[in-house]
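The values are calculated or read from the model by the stated rules, or taken from the named source; none is laboratory data. Predicted, not measured: the structure shown is a model, and the values here were computed from it. For neighbour counting, all protein chains shown are included, and Cβ atoms are generated from backbone atoms with ideal geometry for every residue, glycine included. Protein only, heavy atoms only, side chains kept; ligands, DNA and RNA dropped before computing areas. Shrake-Rupley method; radii C 1.70, N 1.55, O 1.52, S 1.80 Å.
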Amino acid sequence: MNINLVKYKKFLVSISVLMIFFVYIDAKAAITFDSNGKWETTFNYPECMQRGAGSSLDCATVQNDGIYWSWGATGLDSVDGMKYTQVTTNSNNPVGRGGNGARFWKGSVVDDLTVSSDNLDTGTIRINFTTPQKELWIRWYERYENEFEWKLFPAKAISPKSIYLRAGPQDASNYIGGSLIGQLNGANGYRIYNQGGWAQDHIDNYSSSIFGGWNTIYPDIMANGVGKSDGSWHSFEIYLKMDTVDSPSSNGGGYIWVDGILLDKKDNINWSGGDVVARDGWTWMEFLSNQKNPGLDRPYYVDLDDMVIQNTTPLNVDSYGNPFIGPIVNSPATYSILNFTDIVTSWLNTGSSLNSDLNSDNIVNTKDLGVMMSKWE
């Protein structure tokens with residue numbers, strides 16, 4: 001079954017000029033899967049900046065999740081000061097698993113004298129695998145700053161380029177190729193496709209959709225037909241399976257979900273182009289490394305949080321029965337006599353009301369009691 005996919009983000013496999021200079025990989029900077037084949041991060045470490053910019057903590061020295069921080073671009077010089085990729089409390093997904101979040105900056109104007117161009121951004125973060133991975137489920141939460149727009153569309157494509165996955169040696173000057181998720185054709189869908197290396201002959205063989213893209217998650221449509229971000233968080237997930245045969249048809253897999261909805265699935269993709277090394281599996285990946293020029297007058301942030309990578313079949317299934325990690329589902333709150341006592345104490349002004357304002361309207365009253373009674377256990 002081939003369900004229409006979304007073309008919002010794209011797994012890219014090209015290499016930037018800047019990456020070529022980084023040929024040494026710290027062997028310690030690699031993620032570790034647990035006994036269930038799962039790795040995850042909520043960026044639960046102190047606020048920091050990439051490479052310790054601005055005399056702050058260096059994320060590479062405080063990370064506890066195996067992310068390789070000393071990678072990619074450095075800072076972004078903008079009209080409102082230098083911007084750096086960072087971990088900050090302000091980037092935490094409020095419906096996530098706690099911790100902090102990662103903040104990237106996507107630029108346009110560099111300074112008063114420099115015109116805007118493509119690929120102006122702060123550094124990417126990189127994830128190295130200790131062994132090649134033939135099958136992966138990857139889920140993350142992402143939000144674009146409120147009022148972010150792709151103002152130059154249609155002259156410039158909508159191309160967020162969320163993830164690049166690479167196969168071959170973990171050496172940017174000697175990669176084989178990869179898969180990219182995120183290039184948006186128009187504003188209506190997403191795709192996962194190959195670019196570069198062995199993938200050139202197979203660029204027409206990928207997963208893509210005609211709905212569920214940027215305009216679906218950000219439906220405030222501007223004059224150029226593209227939505228403006230409302231600053232909301234969204235869940236993205238992909239499934240990738242490396243192909244093992246060429247004929248009679250290839251057997252690689254590529255699925256995409258946005259906010260838990262399956263946008264497309266294909267089980268006949270030739271990711272490797274027949275390259276035996278590529279068929280060993282993907283060896284590393286990076287998030288938010290570059291993008292097309294959105295045409296804005298300043299850099300806007302893009303936040304990333306609650307990342308999960310799994311190399312074993314997840315227990316959850318989507319509405320079609322396909323295994324997936326799925327969006328975060330938080331259990332509803334329940335209340336007991338202890339909460340009732342606290343709320344009454346707050347009404348009498350004999351205690352703190354911090355835990356009694358259940359509907360977050362900054363007032364403790366009978367509305368809060370109604371919320372409590374509706375969830376009594």
Item to complete: Report, by chain and number, residues whose modeled amide H sits under 5 Å from the one on LEU288, excluding near sequence neighbours (fewer than 5 apart, same chain).
Response: ILE163, TYR164
Discussion item. Whole-Hz ³J(HN,Hα) for each residue in region 289-297, computed from phi via Karplus 6.51 cos²θ - 1.76 cosθ + 1.60 with θ = phi - 60°, x for glycine and proline: what do you get?
Written reply: 7, 6, 6, 5, 5, x, x, 9, 8
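Under a Cβ-Cβ cut-off of 13 Å, what is the net charge of the residues other than ALA223 that fall near it, where Lys and Arg count +1 and Asp and Glu count -1? Let's see the in-between values first.
Working: positive: LYS151, LYS228; negative: GLU149, ASP220.
Within the 13 Å Cβ shell, the charges total 0.
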Worksheet item: Which ³J(HN,Hα) values, rounded to whole Hz and listed in residue order, are derived for region 152-163 from phi using the Karplus coefficients 6.51, -1.76 and 1.60 in 6.51 cos²θ - 1.76 cosθ + 1.60 with θ = phi - 60°, glycine and proline given as x?
Response: 8, 5, x, 4, 10, 5, 7, 9, x, 6, 5, 9
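Order the peptides 307-318, 53-64 from the highest to the lowest mean number of other Cβ atoms within 10 Å of their residues.
307-318, 53-64
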Practice prompt. Give me the accessible area of GLU149, 1.4 Å probe, in Å² rounded to the nearest 10.
Written response: 30 Å²
Worksheet, complete the sentence: In this structure, among LYS106/LYS134; LYS134/LYS292; LYS83/LYS156; LYS83/LYS292, pairs with alpha-carbon gaps over 27 Å are LYS106/LYS134; LYS134/LYS292
Item to complete: Measure up LYS228/LYS265; LYS161/LYS228; LYS151/LYS265 against 22 Å on the Cα-Cα distance and list the ones that go over.
Response: LYS228/LYS265; LYS151/LYS265
Fill in: Per residue value of the accessible surface for region 225-318 (all protein chains in place, 1.4 Å probe), Å²
31 Å²
Worksheet item: Once amide H atoms are placed 1.01 Å from N in the peptide plane, what residues at a sequence separation of 5 or more from TRP105, or on another chain, have their amide H within under 5 Å of its amide H?
Response: THR122, VAL302
